[in-house]
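This report refers to the structure that appears directly beneath it.
The values are calculated or read from the model by the stated rules, or taken from the named source; none is laboratory data. Note that the coordinates shown come from a computational prediction; the quantities given were computed from them, not determined experimentally. When we count neighbours, we look across all protein chains shown, and the Cβ atoms used for this are built from the backbone with ideal geometry, even at glycine. Only protein heavy atoms, including side chains, enter the accessible area calculation; ligands, DNA and RNA are left aside. Shrake-Rupley method; radii C 1.70, N 1.55, O 1.52, S 1.80 Å.
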Amino acid sequence: MGPLFLSLAFSPQYEKAFSPKYLRNWSPAKPTKERIPSHEGYTQIIANDRGHLLPSVPRSKANPWGSFMGTWQMPLRIPPARVTLTSRTAAGAASLTKWIQKNPDLLKASNGLRPEILGKALRALAPSPAMAPGAPSSSPSPVLAVLFFSSLVLPPAQAIVVYTDREVHGAVGSRVTLHCSFWSSEWVSDDISFTWRYQPEGGRDAISIFHYAKGQPYIDEVGAFKERIQWVGDPRWKDGSIVIHNLDYSDNGTFTCDVKNPPDIVGKTSQVTLYVFEKVPTRYGVVLGAVIGGVLGVVLLLLLLFYLVRYCWLRRQAALQRRLSAMEKGKLHKSAKDSSKRGRQTPVLYAMLDHSRSTRAASEKKAKGLGESRKDKK
Amino acid sequence: MLLLLLGIIVLHVAVLVLLFVSTIVSQWLVGNGHAMDLWQNCTSPSGSVHHCSSSSANEWLQSVQATMILSIIFSVLSLFLFFCQLFTLTKGGRFYITGIFQILAGLCVMSAAAIYTVRHTEWHLNSEYSYGFAYILAWVALPLALLSGVIYVILRKRE
């Protein structure tokens, strides 16, 4: 039994090393206050729960993310937002006011400077010492280096433009999609509304058959299109299309798509005429294009194939030719070796030379003949 | 030699011109006061005022239009290829590609005219009619195109 070094209670002086603060793997939360004290200010709520700016918040018309004003466009000193002119001299008050009005970009910005000038200046009294256009007061104006949004004076907003097809063909009993898209100079707001109206062929009045507002589609439940309309559009993608199921001959007529995107509400609507046939006729030009494209494609393909095959054949011919000439040369060497065994050196050399010359001529003639026939085939 | 070349070129150009005229001019079918072709129907009831409307979108009419256009395309390609091959072909060679394209053009014209003859009642309802000169030109262009193509195939290039 050796000495027992275990003790049931851990000795406390070495435990501190394992506390999380010294291991640095986590640390307990620092105590924080739930509400900021009132002398530090208050939080301005400018957006709703979904992150959309509240309508009362001034927003830039040029760009939803504001216009960037760079560091070098910012003034060297930002004038104070709230100025009290009481007991200031006339000259001092005048210089302060002038300083505030000096940079129009800061004032015209949608969340820019909103100067509050309170009080009245002293008239013609002794100038007071402290007059420097001081450090900016505790106003919610951003620091120089922060992004500063400024909106430019805009030309009046253009009207909303709606696009639909001009004509749509459908077969009886099937379904058809009526597309509707739009262009708006304003960004798609939550109050956007789509309305589809139907005017029967030969009729005079247009009845409203579909309405979409505030994210909720309302389809016709009592009229001629009862339970036949389906909303397939998406305001985010600027699409206000509907699908009409189970077409009938009585659906012939003109459909009007009307889009309103507040504040952009002025604009022309667009109409699409629905034709219902027993069998949908093919569009003009489909057969034309198909025949021309098909025949040209086939001809080109055949040509390509032909040239490919010819190229491969020529290559094989060249390879065969090379092998043939190599074989000839081999036979030649073999015969030379045989004769060298019998005779002396020099006459054999001459015989070899003669033989090689004759074979070379023969092979040349053979090549020329082949080439000519090849050209002929071309 | 030069005369032969000139003659061949003249023949080819004549075929091309015939094809163009036949496709464009509005005289495939004529009746009293109206004339129709592949692209439009023109009526002139009082003799001076022409009132033209486009032809129907019938599939057969579209195929006739397509084949006529194809024949023009092939003929133009064949002319272009002829000039190419004139300078690149080796001595003794034959103008195969040119001939093939020209023959294809002839076949296209033949199919167009044949389809038109058989199916023209589908897209017009006039009872009295007779064939106009553009129709005749299409049939004339056929043997000329075939002849031209065959000549190209047989011909051998000489210096």
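With a 1.4 Å probe and all protein chains in place, put A:Lys238, A:Lys16 in order of accessible area, largest first.
A:Lys16, A:Lys238
In whole angstrom, note down how far apart the Cα centers of the range B:111-145 and the range A:258-301 are.
If you average the Cα positions of each part, the centres end up 31 Å apart.
From Cα pairs below 8 angstrom and at least 6 apart in sequence, can you work out the relative contact order of the range A:160-277, rounded to a whole percent?
Computed over the range A:160-277, the figure is 40 percent.
Take the eigenvalues of the Cα gyration tensor for the range A:60-118, scale each by 5, and report the square roots as semi-axes in whole Å, largest first.
27, 12, 7
Using a 1.4 angstrom probe on the protein heavy atoms only, line up B:Ser75, A:Ser185 by accessible area, largest first.
Largest to smallest exposure gives the sequence A:Ser185, B:Ser75.
How far apart, in nm, are two points set 7 Å out from the Cα along the Cα-to-Cβ line at B:His50 and at A:Val232?
Modelled inter-label distance: 4.5 nm.
Can you pull the accessible area of B:Arg156 for me, 1.4 Å probe, Å² to the nearest 10?
90 Å²
Got a sec to turn the phi values of the range B:50-56 into Karplus ³J(HN,Hα) couplings, 6.51 cos²θ - 1.76 cosθ + 1.60 with θ = phi - 60°, whole Hz, x for Gly and Pro?
Taking θ as phi minus 60°, the curve returns 9, 10, 10, 9, 6, 6, 6 Hz for the range B:50-56.
By accessible area of protein heavy atoms, probe 1.4 Å, what ranking do A:Asp234, A:Asp251 get, highest first?
A:Asp234, A:Asp251
With 5 Å bins from zero, work out the P(r) of the range B:1-157 over every alpha carbon pair and list the percent per bin.
2, 10, 18, 19, 14, 11, 9, 7, 5, 3, 1, 0, 0
Tell me, what is the 1.4 Å probe accessible area of A:Phe182, in Å² to the nearest 10?
10 Å²
Estimate for me the total accessible surface buried between chains B and A (protein heavy atoms, probe 1.4 Å, no ligands or nucleic acids), in Å² to the nearest 100.
The B and A chains share an interface burying roughly 1600 Å².
Go through the range B:28-40 residue by residue and turn each phi into a ³J(HN,Hα) via Karplus (6.51, -1.76, 1.60, θ = phi - 60°); whole Hz please, and just put x for glycine and proline.
With coefficients 6.51, -1.76 and 1.60, one gets 6, 10, 10, x, 8, x, 9, 9, 9, 8, 5, 10, 7 Hz.
Work out, step by step, the length gained on full extension between A:Asp49 and A:Lys30: first 0.36 nm times the residue separation, then minus their alpha carbon distance; give nm to one decimal. Walk me through the numbers before you get to the answer.
Values: separation 19, 0.36 × 19 = 6.84 nm, distance 2.80 nm.
Between A:Asp49 and A:Lys30, full extension yields an extra 4.0 nm.
Compute all pairwise cysteine Cβ distances in chain B, then list the cysteines with no distance under 4.7 Å to another cysteine.
Lone cysteines by the Cβ rule: B:Cys84, B:Cys108.
Evaluate the relative contact order of chain B (contact order divided by residue number), counting alpha-carbon pairs under 8 angstrom at least 6 apart; express in whole percent.
32 percent
Taking the Cα centre as origin and putting +1 on Lys and Arg beta-carbons and -1 on Asp and Glu beta-carbons, what dipole magnitude results for chain B, to the nearest 20 debye? List each step's numbers first, then the result.
Numbers: 6 positive and 5 negative charges, 163 e Å.
Magnitude of the dipole: close to 780 debye.
Suppose the Debye formula is applied to equal point scatterers at every Cα of the range B:1-57; what is log10 I(q)/I(0) at q = 0.24, 0.25 Å⁻¹?
Result of the Debye calculation: -0.90, -0.94.
Using θ = phi - 60° and the Karplus curve 6.51 cos²θ - 1.76 cosθ + 1.60, what whole-Hz ³J(HN,Hα) does each residue of the range A:258-271 get, with Gly and Pro shown as x?
Values, residue by residue: 10, 10, 10, 10, x, x, 8, 10, 7, x, 8, 8, 10, 10 Hz.
Rg (Å, one decimal) plus Dmax (Å, integer) for the alpha carbons of the range A:160-277?
Final numbers for Rg and Dmax: 13.7, 41 Å.
Could you state the accessible area per residue of chain B in Å², with a 1.4 Å probe and every protein chain left in place?
Per residue, chain B has 49 Å² of solvent-accessible surface.
Can you give the accessible area of B:Met36 in Å² (nearest 10), computed on protein heavy atoms with a 1.4 Å probe?
Roughly 10 Å² of B:Met36 is accessible to a 1.4 Å probe.
For the residue pair A:Leu324 and A:Leu107, what label-to-label distance in nm results when each label sits 7 Å from Cα along the Cα-to-beta-carbon direction?
A separation of 10.0 nm, rounded to one decimal place.
Tell me which residues come under 5 Å, amide H to amide H, from A:Ile192 once H is placed; ignore anything under 5 positions away on its chain.
Close amide H contacts, sequence-distant or interchain: A:Lys214.
How high is the FRET efficiency from A:Asp205 to A:Arg283, r the C-beta distance, R0 41 Å, rounded to 0.05? Intermediate results must be reported in sequence, preceding the final value.
Numbers: r = 32 Å, r/R0 = 0.78.
Once the sixth-power term is evaluated, E becomes 0.80.
I'd like the FRET efficiency for A:Cys312 and B:Tyr96, computed as 1/(1 + (r/R0)^6) with the beta carbon distance as r and R0 of 25 Å, rounded to 0.05.
The computed FRET efficiency comes out at 0.85.
So how strong a dipole does the range A:60-118 carry about its Cα centre when Lys and Arg Cβ are +1 and Asp and Glu Cβ are -1, to the nearest 20 debye?
80 debye
Report the full-extension gain for the segment B:Ile115 to B:Asn32: residue separation times 0.36 nm, less the Cα-Cα distance, to one decimal in nm. Please list the in-between numbers first.
Working: separation 83, 0.36 × 83 = 29.88 nm, distance 2.37 nm.
Residue separation times 0.36 nm, minus the Cα-Cα distance, leaves 27.5 nm.
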